[in-house]
Amino acid sequence: MVAQRTLHIGRKRPPVPEARRGSGSPTLRRRELGAKLRALRNERGLTVDQVSERLLCSPSKVSRMETGQRGATARDIRDLCELYEVANPDERARLARLAVEGKQQGWWQSYELVDLATYVGLEEAATAIRSFKSTTVPGLLQTAPYARVIHESAALDFSSERIDQFVQARMARQQALTKESPLQLWAVLDEPVLHRLVGGYRVMRDQLRQLAEVAEMPNVTIQIVPFSIGAHPAMESSFDILDLGTVAPSVVYVEGMAGNTYLERAQDLERYEKAFEILRGAALGPQESLELITETAVRYNRAVVRAG
């Protein structure tokens, strides 16, 4: 068991709403249900179009239920169980329970994260995340001042109060690293992440100090891909591989200005896992990475002192 910890850099984290404690992620419940429904359909040798024709609904509705992008109603479960000849009452009850749990509110929904809601739901459910970032510190490792600058630069039309809400949500998410059964995080960062002056010398000094502190946690591994490596497979990309345990397939999340993409096909997962292994192998080891982070933080501190 990993002891509870409080990270001291940046603002004090807001408490996670009571609804989060002891509850599963509705995002995961929808994906678990979707995986079971897809397996049942394949066992019966039916296509999505055939199922939609039987249920008198659109093929997109069936697909979205199977991918967890939308919940299922009690009637949907009843009709699908009949179509797939699910006779076991326990299995029917399990599917119905997943449908109900998939419609519950996650704690993060009170923050109205909109585009990030799906990702946060997956992050809440993940047992492990393998993350590569080419330009910024991962959200789970950001200080509040650093996160604020990131949000201010990306959300030009949001009020200060709305940005406060985004930052508070990001700080609440970080409790995944210190809960009783903590998230396992392996973060590989391109070296430019350490040198991009987000928010100025003081913000960067504190951010790197926090990285160094978090790197000491047993459930967190941080590696830096140094400039000396030159070109690598993900120079123009940032991605996360979210492992969801045994209940649902892993998901690759790719973030960009054009939108956020979730990849679930086996070949996509294999491609990104291979890229992550190449990056991990090219990066400095965890101890060397910690030394580089610490040295860079010291340089930022000297700049802060010079500036008075």
- Message: Apply the Karplus curve 6.51 cos²θ - 1.76 cosθ + 1.60, θ = phi - 60°, to the phi angles in region 134-149 and return the couplings in whole Hz, x for Gly and Pro.
- Response: 9, 10, 9, 5, x, x, 5, 10, 7, 7, 4, x, 5, 4, 4, 4
- Whole-Å semi-axes of the chain's equivalent ellipsoid, largest first, each the root of 5 times a Cα gyration tensor eigenvalue? 40, 21, 17
- Note on the structure: Taking a straight Cα-to-Cα line shorter than 13 Å from residue 179, and setting aside same-chain aspartates and glutamates fewer than 8 residues away, one finds 124
- Task: Mind giving me the nanometre distance, one decimal, between the label points for residue 216 and residue 127, set 7 Å out from Cα along Cα→Cβ?
- Result: 2.9
- Message: Taking the alpha-carbon distance from residue 36 and a cut-off under 21 Å, which lysines remain once sequence neighbours fewer than 8 residues away in the same chain are dropped?
- Response: 61, 103
- Query: Any idea what the relative contact order of the chain is, in percent, if you count C-alpha pairs under 8 Å spaced at least 6 apart?
  - Reply: 21
- Message: Restricting to Cα pairs below 8 Å that are 6+ residues apart, what does the relative contact order work out to for region 26-102? Please round to a whole percent.
- Response: 45
- Item | Tensor-based shape of region 132-230 (alpha-carbon gyration tensor, a/c under 1.5 rounded, otherwise prolate or oblate) | oblate
- Near residue 274, which lysines are there with a Cα under 23 Å away, not counting those fewer than 8 places off in the same chain? 133
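If you rank 163, 129 by fewest surrounding Cβ atoms within 10 Å, what's the result? Display every interim value, and only then the final one.
Working: 163 18, 129 21.
Starting with the residue having the fewest Cβ neighbours, the order is 163, 129.
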- Inter-probe distance in nm under a simple model that places probes 7 Å from Cα toward Cβ, at residue 83 and residue 261: 2.9
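May I ask for the equivalent-ellipsoid semi-axes of region 26-102, computed as the square root of five times each C-alpha gyration tensor eigenvalue and listed largest first in whole Å?
Semi-axes from the Cα gyration tensor: 17, 15, 11 Å.
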- Task: Distance from a point 7 Å along Cα→Cβ of residue 162 to each backbone N in region 251-295: keep the residues under 20 Å and list them by number.
- Result: 256-260
- Message: If neighbour count is taken as other Cβ atoms inside 10 Å, put 37, 290 in order from fewest to most.
- Response: 290, 37
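Read-outs: derived from the displayed coordinates by stated rules, not from any lab. Small disclaimer: the values here were computed from a predicted structure and weren't measured. Glycine also receives a Cβ, built like all others from the backbone with ideal geometry; neighbour counts cover every protein chain displayed.
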